[in-house]
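Chemist: Have a look at this one before I ask anything.
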Amino acid sequence: MAERDPRIGPGRQAASYEADYSAWIDAQAALLQAGRFGELDIVNLVDEVESLGRSAFYSFASAIEIVIVHMLKWDTQPIKRTPSWVASIAEHRRRIEQSFEDNPSYRSRIDEAVTRAWRTANAKAAGETNLPLTAFPSENPYDWAAITTRPHELPVPARRNRKNL
């Protein structure tokens, strides 16, 4: 029997997961809101919920990866340090903290997230700097405290006065 979609008139078939993902999502949400649990596409819903969990964790690990990439660049190319690196580190640290606020259980998964982040961080840093991969450490040199709190500040340029002009 065809699944009844509350957003489609009677006698019309609901969109399938494969045929129209967006319409399927809308239909599943409407069924949940209506309490029509027996009509839900449970198999695909389970896959989607699991996928959402993985995606959120990957975003957390990605923020860590970006911090590590910039730290690697910072440490290997001090002459090329830019305000954008400082801003990116600060922004991604903010995203890490936001992830903890939204998902407190991530605190127990820090090691897993850092390991995932490190898998590609040194290769990305090499690609972004045009330095050989061997210019970067083969093992992650940063502990959690460094990733989340190590200062990254550019020197403030000396002010020139009229006498120096």
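The values are calculated or read from the model by the stated rules, or taken from the named source; none is laboratory data. Predicted model only: the values in this text are computed from it and were never measured. Cβ sites come from the backbone with ideal geometry, for glycine too, and all protein chains shown count toward neighbours. When the accessible area is computed, the model is the full protein with side chains, heavy atoms only, and any ligands, DNA or RNA have been set aside. Shrake-Rupley method; radii C 1.70, N 1.55, O 1.52, S 1.80 Å.
Chemist: Ala135 to Ser62: FRET efficiency via 1/(1 + (r/R0)^6), r the Cβ-Cβ distance, R0 22 Å, to the nearest 0.05?
Modeler: 0.45
Chemist: For the chain, which DSSP H helices look membrane-span-like by this rule: Cα extent along the axis of 24 Å or more and mean Kyte-Doolittle of at least -1.0?
Modeler: Details: long enough: 42-76 (50 Å, 0.69); 83-102 (28 Å, -0.97); 110-129 (27 Å, -0.54).
Span-like helices here: 42-76, 83-102, 110-129.
Chemist: Can you figure out the FRET efficiency of Glu128 with Val43, using R₀ = 30 Å and their beta-carbon distance, to the nearest 0.05?
Modeler: Values: r = 41 Å, r/R0 = 1.38.
Once rounded, the FRET efficiency stands at 0.15.
Chemist: With a 1.4 Å probe and every protein chain kept in, tell me what percent of the accessible surface of the chain is carbon plus sulfur.
Modeler: Answer for the chain is 54 percent, counting heavy atoms of protein chains only.
Chemist: The chain: Rg/Rh from Cα coordinates, Kirkwood Rh?
Modeler: With Rg and the Kirkwood Rh in hand, the quotient comes to 1.22.
Chemist: Also: In the Gaussian network model of the chain, springs joining C-alpha atoms below 10 Å, which of Glu39, Glu91, Glu153 carries the largest mean-square fluctuation?
Modeler: Glu39
Chemist: Average projected area of the Cα convex hull of segment 70-165, in nm²? Let's see the in-between values first.
Modeler: Numbers: hull surface 32.8 nm².
Approximately 8.2 nm², given one-decimal rounding.
Chemist: Which value at 222 nm does the chain reach when only helices count, each DSSP H run of 4 or more adding -39,500 (n - 2.57), with the total divided by all residues and rounded to the nearest 500 deg cm²/dmol?
Modeler: Dividing the helical sum by the residues of the chain leaves -19500 deg cm²/dmol.
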